[in-house]
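Here, each number is a calculation from the coordinates, and none is a lab measurement. The structure displayed is predicted, hence computed values, not measured ones. Don't worry about glycine lacking a Cβ; one is built from the backbone with ideal geometry, like all the others, and counts go over all protein chains shown.
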Amino acid sequence: MAIRDTLLANLTTSLSSTNVSVSSELPFTAAGVPLYEKNMKKFYLDVDNTDTREMFLTLDDNDVFEREITLTGYLTVDAKNQPSDIDTAVNAVINSRLSVADCFTRECAVTDEILDDRINYTFEFRFLTI
Amino acid sequence: MAYIAVNTSGNFVALKINADGVDYDSNVSAAFVAGNANVMTVPALQEVTLNASPGTFRWQQLDTGSEKIVTTPATNSVAVTLVMDDTTFFGNVGSTPALVDIVNNKTKCYFRLGWQGLSSGDRYIQGAGYLTALAPTVSPGSPVWTTPITIEVDGEFTRGNVA
């Protein structure tokens with residue numbers, strides 16, 4: 001099961017009581033506008049990006065590899081009329097990282113940017129496993 | 001000039017240990033005869049350092065312009081770091097106990113270090129000694145157990161080629 005599926009399943013539950021909903025669609029661009037800008041108050045999550053690198057080199061080909069999986073999530077809300085529970089929703093997205101098992105690092109960094117009359121939240125998920 | 005490269009599968013550094021309780025002091029090679037089921041191959045070595053340090057004693061005398069020197073007995077050891085393997089760290093290989101038990105019980109062991117593998121004709125250095133300096137470590141940023149191990153050598157190294 002991809003980490004994206006785990007995160008979406010967790011967020012579908014945890015955001016159900018907020019004014020933010022979850023889309024299972026990828027955050028693709030339609031007619032030059034990303035879906036998450038077109039459909040405000042809807043969280044979109046990109047696919048898993050996996051990178052494998054050596055953690056320990058050994059002299060007999062028993063090397064230990066570390067796998068890094070990164071995903072980016074997007075949420076746009078109206079800057080003038082933000083949902084009253086936007087903090088709750090943002091925290092729920094950040095905490096969804098804890099639903100992913102078997103990883104020794106589970107991080108989520110969030111940045112926000114005001115563009116015109118919108119606030120774009122970008123969530124950078126990062127997971128490390130052996 | 002011929003480098004001792006260890007980067008191909010047939011030339012990997014190999015460390016074998018026999019701690020089956022038999023006294024091989026008079027013939028260490030007997031501990032590593034082909035087919036001996038008590039020989040443990042230590043996997044996932046990260047770093048190997050062989051130390052052979054003859055001691056010296058210096059003195060000065062009034063009839064020479066430079067110090068005099070004589071040698072004293074050597075201190076020999078083999079230090080390795082490795083990624084811990086559950087099978088060899090906690091499991092016996094025939095009559096050779098697990099690595100952790102060899103250290104805990106201070107069991108005398110015999111070792112053979114292959115410079116470029118241990119196939120027929122390959123060079124090795126071998127001897128007897130005790131495993132010390134076990135210090136397994138792990139951390140959140142490095143979540144796989146690794147450990148150093150030092151073989152404190154009892155007596156001299158001997159060298160040869162695999163039969």
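See the values below:
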{"read-out": "Label-point gap, in nm, between residue B:107 and residue B:2 - each point 7 angstrom along Cα→Cβ", "value": "3.6 nm"}
{"read-out": "Nearest-ten-degree value, helix A:3-14 long axis tilted from longest Cα axis of chain A", "value": "40 degrees"}
{"read-out": "Sum of side-chain charges, residue A:89 neighbourhood, beta-carbon under 12 Å (Lys, Arg +1; Asp, Glu -1)", "value": "0"}
{"read-out": "Value at 222 nm in deg cm²/dmol, rounded to 500, when DSSP H runs of n ≥ 4 in the protein assembly as shown each add -39,500 (n - 2.57)", "value": "-3500 deg cm²/dmol"}
{"read-out": "Chain A, dipole about Cα centre (Lys/Arg Cβ +1, Asp/Glu Cβ -1), debye to the nearest 20", "value": "580 debye"}
{"read-out": "Residues B:139, A:23 arranged by fewest to most Cβ contacts within 10 Å", "value": "B:139, A:23"}
{"read-out": "Dipole axis of the protein assembly as shown (+1 Lys, Arg; -1 Asp, Glu on Cβ), positive-most option in B:116, B:4, B:158", "value": "B:158"}
{"read-out": "Sum of side-chain charges, residue A:34 neighbourhood, beta-carbon under 14 Å (Lys, Arg +1; Asp, Glu -1)", "value": "-2"}
{"read-out": "Number of partner chain Cβ atoms within 10 Å, mean per residue of A:21-29", "value": "0"}
{"read-out": "Environment charge at residue A:114 (Cβ cut-off 15 Å; Lys +1, Arg +1, Asp -1, Glu -1)", "value": "-4"}
{"read-out": "Rounded Å value of the spacing that divides the Cα centres of segment B:132-153 and segment B:79-96", "value": "12 Å"}
